[in-house]
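Notes follow the structure.
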Amino acid sequence: RQNTNNNGINTVNWQIYTNSEYGFEIKYPENWQYLQRSSHDNTPFSVEFMDDPSYYEYGGAALPGMYPEKFFSAVLYKTTKTLDDYFEEFGSKNFEYKKETLISGKRAIITKGAFKNVSGKITKEKVDMNAYTKKGDYIYIFTSMQDKESDIQEMIKTFNTILTSVKFTNPWKVY
């Protein structure tokens, strides 16, 4: 049985990441791994999905400016701001395009941009995809990026496929 989405990617063997505390799940490629992080008050949680976890061998943090070739992250930002106010203040400013869509039935903003990533003496041009949506007290920020000389169309297809797999569920609560 083949499960191919409208991006032409077969997802039948993809894994499902579930976070019952923050109430969401994401499908990701079968050969990828993930790393969960707890952060500070405004960004209490993030999860990063990648094809090469060796970038995170040094204390669970990426080397500055370095990312795996295939990478997707979900970061939660706690705020009382609306989606539009948050995006205006903190969202990607250097984007090629911006459009609206739905993520699991919630209004979302998607951007595609480019930037220069400097790490030591190495400067690489990167392309990034970002999606922003709001659920409850959190802005969910989904990101993927890749070197400009890599297969950008494949990265965009994978980003969109993962993004369309996002499902919001009811968060687990302690009473």
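The values are calculated or read from the model by the stated rules, or taken from the named source; none is laboratory data. Just so it is clear, the model here is predicted, and its values are computed rather than measured. Cβ atoms come from the backbone with ideal geometry, glycine included; neighbour counts cover every protein chain shown. Calculation scope for accessible area: heavy atoms of the full protein, side chains included, ligands and nucleic acids excluded. Shrake-Rupley method; radii C 1.70, N 1.55, O 1.52, S 1.80 Å.
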Completion exercise
The condition of being open to solvent by less than 30 Å² (accessible area, probe 1.4 Å), farther than 19 Å from residue 167 by Cβ and either at pLDDT 80 or above or in contact with a His (Cβ under 6 Å, 6 or more places away or on another chain) (or both) holds, among 152, 103, 110, 141, only for 152
Practice task
Answer with yes or no whether residue 115 is at pLDDT below 90, in contact with a strand residue (DSSP E or B) (Cβ under 8 Å, 6 or more places away or on another chain) and either assigned to a strand (DSSP E or B) or open to solvent by less than 40 Å² (accessible area, probe 1.4 Å) (or both).
Solution key: yes
Handout entry: Of all residues making up region 11-37, the number that are in a loop (DSSP other than H, G, I, E, B) and in contact with a strand residue (DSSP E or B) (Cβ under 9 Å, 6 or more places away or on another chain)
Key = 9
Practice task
Look at residue 93 and say whether it is more than 19 Å from residue 25 (Cα to Cα), modelled with pLDDT under 80 and open to solvent by 50 Å² or more (accessible area, probe 1.4 Å).
Solution key: yes
